[in-house]
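Have a look at the structure below before the remarks.
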Amino acid sequence: QVQLVESGGELVPAGGSLRLSCLASGISFSTYAMAWYRQAPGKQRELVALISSLGSPHYADSVKGRFTISRDNAKNTVYLQMNSLKPDDTGAYYCNAARFEREGPSNYWGQGTQVTVSS
């Protein structure tokens with residue numbers, strides 16, 4: 001049974017910082033690429049940041065220089081450090097685990113955690 005459980009979402013003022021965590025279970029964590037997506041009501045889910053199984057990060061242009069994705073394979077956890085938060089960062093943040101296998105891709109999602117940035 002695969003589970004991804006996000007935590008850390010809060011109400012935070014503009015300019016503030018927050019760290020999101022995603023704890024994974026039921027997968028061989030170190031072999032998966034991990035990513036954070038976010039979604040505002042009525043909008044498409046968008047990729048915020050991803051980190052490969054080897055630790056190589058990638059960021060959306062809108063968060064580059066402000067957010068940092070990292071992983072701790074010993075804890076089966078991926079983090080998203082968010083600094084200099086803006087109201088446009090508001091949304092539900094979802095953790096994703098993905099791996100391309102011989103049988104096809106595997107893709108798992110967490111339940112989401114709400115981040116609200118006030119102005």
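Worth pointing out:
- A simple spin-label model places the labels of residue 28 and residue 43 3.7 nm from each other, with each point 7 Å out along Cα-to-Cβ.
- Overall shape: prolate for segment 64-119, with the ratio a/c of the largest to smallest alpha carbon gyration tensor axis at 1.5 or above and a/b above b/c.
- Net charge of Cβ neighbours under 13 Å - reference residue 33; Lys, Arg +1; Asp, Glu -1: +1
- Here residue 52 and residue 118 are evaluated by their C-beta separation; at R0 = 25 Å the FRET efficiency comes out at 0.15.
- Within-15-Å neighbourhood charge of residue 110 [Cβ basis; K, R +1; D, E -1]: +2
- Only Cα pairs under 8 Å and 6+ residues apart enter the sum, and on that basis the relative contact order of the chain stands at 35 percent.
- Three-way shape call for segment 48-93 based on the alpha-carbon gyration tensor, with the a/c threshold at 1.5: prolate
- Take the Cα of residue 111, go 7 Å toward its beta carbon, and the backbone nitrogen atoms of segment 26-49 under 20 Å from that spot belong to 26-27, 35-41.
- Separation of segment 23-50 from segment 58-77 is 11 Å, based on Cα centroids.
- Dividing the mean sequence gap of close Cα pairs (under 8 Å, 6+ apart) by how many residues segment 1-70 holds gives a relative contact order of 21 percent.
- Compactness of segment 1-58, taken as the C-alpha radius of gyration over 2.2 N^0.38 Å, stands at 1.30.
- Per residue, the convex hull spanned by the alpha carbons of the chain comes to 103 Å³.
- Residue 60-residue 101 FRET efficiency (beta carbon distance; Förster radius 30 Å; 0.05 resolution): 0.70
- Probing with 1.4 Å while keeping every protein chain in the model, the per residue accessible area of the chain equals 54 Å².
The values are calculated or read from the model by the stated rules, or taken from the named source; none is laboratory data. Note that the structure is predicted; figures quoted are calculated from it, not measured. Neighbour counts are summed over all protein chains in view; Cβ atoms, including those assigned to glycine, are modelled from backbone coordinates with ideal geometry. Each accessible area value is taken on the protein alone, full model and side chains, heavy atoms only, with ligands, DNA and RNA left out. Shrake-Rupley method; radii C 1.70, N 1.55, O 1.52, S 1.80 Å.
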